[in-house]
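The values are calculated or read from the model by the stated rules, or taken from the named source; none is laboratory data. Predicted, not measured: the structure shown is a model, and the values here were computed from it. Positions of Cβ are backbone-derived with ideal geometry, glycine not excepted, and every protein chain shown enters the neighbour counts. The accessibility values were calculated without ligands, DNA or RNA, using every heavy atom of the protein model including side chains. Shrake-Rupley method; radii C 1.70, N 1.55, O 1.52, S 1.80 Å.
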Amino acid sequence: MPKRFFSHVTQWVFDLDNTLYHPSARLFDQIEVKMTDYVMKTLGVGKAEADRLRSHYWREHGTTLAGLMREHDLDPAPYLVAVHDISMDHLEEDAPLAAAIRNLPGKKIVYTNGSAPYAERVLAARGLSGLFDDVYGVEHADYFPKPERRAFDLVFARADVTPRQAAMFEDDPRNLTAPHEMGMRTVHVAPEPVRADHIHHHADDLAGFLAALS
């Protein structure tokens, strides 16, 4: 087990979606429907064009929101409320994960490309409320999204995170590039591993992985 690789870590940074819950919950499926709908209504386009634009925004800007803001000067606040108005019925409380997070030494934060209010709802549904020192959304990064380096810089400055004393847990491999460059220990949380120089560890069972570190 990789416990020895985390002996220096006193700050723990967790992504939210598909990291603090299993992808089988498919919350992002609901969000994607809302995002496509928002693009259709905002830009007056059909579904096929909205899907094409969203793919373009994701590739070029990191998120649909970033693309809409940069290419269409979209107001982000109403968008974040609308696309995160989803059901949490597919989420279940996870006592082993809660215990593993509680036992980690030092500071623990959540950092998501979603909004902080949405993250709080997810944490409540998973039985993880009150375990983190703070929760940061894309609004705390001045709406710059992961994987952009400046997004991490802004959030980590707000959170007083020292990268060389920190670990980052993420389901999206590209969002681990900047943390790796900053000197963080990186963990890819996903059913299947991805081999890359910027990924130090893979966890298909986050609760089990974290329990082995404490």
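Quick notes
- At the residue level, Asp142 shows approximately 80 square angstrom of accessible surface with a 1.4 angstrom probe and all protein chains present.
- With contacts taken as Cα pairs under 8 Å and at least 6 residues apart, the range 91-144 reaches a relative contact order of 47 percent.
- Ser129 accessible area, 1.4 Å probe, all protein chains in place, Å² to nearest 10: 70
- Lysine pair number, Cα distance threshold 25 Å (strictly under), the chain, separation 8 or more or different chains: 6
- Restricting the GluC sites (Glu not before Pro) of the range 82-177 to loop positions (DSSP other than H, G, I, E, B) with no more than 14 neighbouring Cβ atoms within 10 Å leaves Glu92, Glu93.
- Entry note, the chain: the mean residue ellipticity at 222 nm calculated from DSSP H runs of n ≥ 4, each adding -39500 (n - 2.57), is -12000 deg cm²/dmol after division by the residues and rounding to the nearest 500.
- Placed amide H near Tyr136: partners under 5 Å, 5+ positions off or other chain: Val110, Tyr111, Thr112
- With protein chains left intact and a 1.4 Å probe, residues in the range 34-178 average 46 Å² of accessible area per residue.
- Of the trypsin sites (Lys or Arg not before Pro) in the range 22-78, those whose Cβ has at most 14 other Cβ within 10 Å and which sit in DSSP loop: Arg26
- Here the accessible area is traced with a 1.4 Å probe on the protein chains. For the chain, carbon and sulfur cover 50 percent of it.
- Relative contact order %, the chain, counting alpha carbon pairs below 8 Å whose residues are six or more apart: 25
- Taking Cα atoms only, the orientation of helix 149-159 departs from the longest principal axis of the chain by about 60 degrees.
- Once backbone amide H atoms are built at 1.01 Å from N, Ala203 has His188, Val189, Ala190 as its partners under 5 Å, excluding neighbours fewer than 5 places away on the same chain.
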